[in-house]
Structure formats: C-alpha cells, structure tokens
Amino acid sequence: MSSFRIRPRFKEKVAGTTEDFLIRIKEAIDKNPEFTGLVSEQYCVIKICLEDRHYWSPQLTLTLEGIAEGGLEIRGLYGPKPSVWAVFFMCYAALAVLSLFAGVFGASQLMLNNSAPILWAIPIMGAVAAGLYLAAQGGQKIGAEQMFRIHHFYEQIIKHRVSLT
C-alpha cells in the first residue's frame with residue numbers, strides 16, 4: 001500500500017446475496033475478539049477491538065449493493081475514525097479560509113501602495129498545511145499494521161485476495 005494513498009479503497013463483485021454476506025461478516029466479527037464492528041442492511045464497519053484501538057486506528061467501511069446480473073458489489077474504504085478525518089478536514093479548511101483572507105487583505109494593501117506584511121502569513125499557513133499532511137502520513141504509518149490485520153481479516157471472510165486502488 002502506497003504511502004501517498006490517503007484512504008485506500010477497493011471495489012469488487014462477489015457471488016451471493018446481501019443477506020448471506022451480512023451473516024458471514026457478523027459471524028466472523030462475533031467469533032474473532034480482535035475485531036468489532038457494525039453490520040446494517042447495506043453498510044458494514046469493521047474496527048479494531050477497543051482494547052487495541054488508538055487515535056490513529058483505521059477502520060474498514062463496506063457499502064453493499066445488489067447488482068442486476070445477480071451477486072453483490074462491495075465497495076470498501078479504509079480510513080481513520082470519522083472524527084479524525086473531520087479534524088484534519090476542518091484544519092485544512094480553516095487554513096484555506098485564513099489564507100484567502102490574508103491574500104485579499106494583502107492585495108488590497110498593495111493596491112493602496114501600503115506595505116502588506118500579512119502576505120507572509122500565506123507561506124506560513126502553507127507550511128502548517130504541509131505539517132498537517134506529514135502528521136497524517138505519520139499517523140497512517142502508525143495504523144498501517146492494524147490496517148493490514150483488518151484487510152487480511154476481510155480477505156479471510158470472502159476467501160479471496162482483494163487488491164486496493
């Protein structure tokens with residue numbers, strides 16, 4: 001799995017019905033104390049058990065759709081808890097808005113032939129954004145071993161290899 005991939009995903013078609021697949025997932029999660037999860041009608045989340053979970057622990061989100069030819073299309077998405085994802089998103093959004101305001105204010109000061117030291121805030125915020133990206137990559141590395149465990153657990157349930165995109 002590449003380190004540049006923010007949220008690895010896969011999409012595959014399997015034989016069987018949604019109900020059969022959900023039963024297999026639920027039984028596998030119940031039998032294995034290493035994992036916990038949520039199983040609903042067309043949506044599953046597989047997580048690491050609470051004792052082993054930390055801030056950077058990943059989870060696998062599965063979306064299930066029946067297809068016309070028979071069978072089931074499964075879309076899987078690996079990522080952090082939604083709260084972790086939201087924190088990073090909000091930080092990037094705040095940096096973008098602050099950069100926009102600094103750029104507009106600085107440009108207006110330059111047009112009035114005034115000095116615009118606020119424009120130095122833009123590269124500083126760019127550096128903060130780069131630091132956030134590096135922190136996210138570091139967190140992804142911390143959670144990589146757990147992601148591999150979840151991925152192998154999923155492959156054991158469906159009984160074939162799954163390649164990530």
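Throughout, read-outs are computed from the coordinates displayed, never taken from laboratory work. The structure displayed is predicted, hence computed values, not measured ones. A quick note on method: Cβ atoms are made from the backbone with ideal geometry, for glycine too, and the neighbour counts reach across all protein chains shown.
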Among TYR154, TYR133, the single one that is more than 30 Å from ALA15 (Cα to Cα) and of a type in the set (Phe, Trp, Tyr) is TYR133
Restricted to the stretch 1-52 and to residues being touching a Ser or Thr at 6+ places or on another chain (Cβ under 9 Å) and part of a loop (DSSP other than H, G, I, E, B), the residue farthest from ALA136 (Cα to Cα) is GLU41
Filter the stretch 8-41 for residues that are farther than 21 Å from TRP85 by Cα and hydroxyl-bearing (Ser, Thr, Tyr); the one that is surrounded by the fewest Cβ atoms within 10 Å (Cβ to Cβ) is SER40
Among residues of the stretch 42-59 being charged (D, E, K, R) and touching a strand residue (DSSP E or B) at 6+ places or on another chain (Cβ under 9 Å), the residue surrounded by the fewest Cβ atoms within 10 Å (Cβ to Cβ) is ARG53
For the stretch 71-97, pairs from a residue that is in contact (Cβ under 8 Å) with a residue 40 or more places away in the chain to a residue that is aliphatic (A, V, I, L, M) and part of a helix (DSSP H, G or I), with Cβ under 7 Å and 6 or more apart or across chains, are TYR78/MET147; PHE88/LEU132; PHE88/ALA136; CYS91/LEU132; TYR92/ALA129; TYR92/LEU132
Condition set aliphatic (A, V, I, L, M) and closer than 19 Å to GLN59 by Cα, scope the stretch 71-119, selection surrounded by the most Cβ atoms within 10 Å (Cβ to Cβ): answer is ILE74
